[in-house]
Amino acid sequence: MRFKQSIFGALLAVVLALALTQTGHAQVRGTQNGFNTCIGVNCENVFRMGNSEFRYAQVTLTNAQVLLLRYTSVQILAAQGAGDLVEVLGGLVVFDYTGAYTETGGDDNWRLYYGDSGQEPASNIIETTGFVDATADTVIKFGPVANDQLINGAQLSNTAIVLSGVTGGTYDELGGGNASNTVKVFIAYRVHATGL
């Protein structure tokens, strides 16, 4: 019975947190299960299970940030602290369309990375063709990296997750767009207390 009550309480807190986020109410915090929402362009919900935290966050990119992804990464998740490692589970990228972007070449895909572009990838490749050049609101899904990926060195702990153009070759910049465009990144992830 206590387990069922705990699960019910967890689900109720999630529903309440999401409802408050959608309606623009103030922050909600819980101590037992660690739920947390925030107002503004960056929002987050948290559920703790043992030494891992399951989290959900949202970050909004401006038109200018999208155009500069070739040169300037955008932080999606802040570093979580010493000894903590982020595992990206997946998510959505939502293009709120006003004006389409133009592709100047075929190498303009995006990816999440640990720390900065050129470091270890934290997600699969996000295909931009058919997404950023769409002429209507568009959504694309992304997922985690391969199961056999090695993470070492500076990426082992306390490392931010950033969105960047895919590195390792020539990256073609985007053109066009519209000042009213926004691209929202919705990300589900876990924080592991590895102690490393």
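Numerical summary
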| quantity | calculated |
| --- | --- |
| Alpha-carbon Debye profile of segment 50-193, log10 I(q)/I(0) at 0.08, 0.16, 0.19, 0.21 Å⁻¹ | -0.21, -0.80, -1.09, -1.30 |
| Added length on full extension, which subtracts the Cα-Cα distance from 0.36 nm per residue, Lys184 to Ala78 | 36.5 nm |
| Net charge contributed by nearby residues that have their C-beta within less than 9 Å of Val94 (K/R +1, D/E -1) | -1 |
| Interchain or long-range residues, amide H under 5 Å from Ile76's placed H | Ile161, Val162, Leu163 |
| Cut-off 17 Å (backbone N to label point 7 Å along Cα→Cβ of Gln65), residues of segment 129-157 | 132, 140 |
| Thr135-Glu87 FRET efficiency (beta carbon distance; Förster radius 41 Å; 0.05 resolution) | 0.70 |
| Neighbourhood charge, 10 Å Cβ-Cβ cut-off, centred on Thr129 and excluding it, Lys, Arg +1 and Asp, Glu -1 | -4 |
| Linear extension gain, Glu127 paired with Leu156, 0.36 nm per residue minus alpha-carbon span | 7.8 nm |
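FYI, it's all coordinate maths here, none of it is from the lab. Since we're looking at a predicted model, the values are computed, not measured. Glycine gets a Cβ as well: all are built from the backbone with ideal geometry, and neighbour counts include every protein chain shown.
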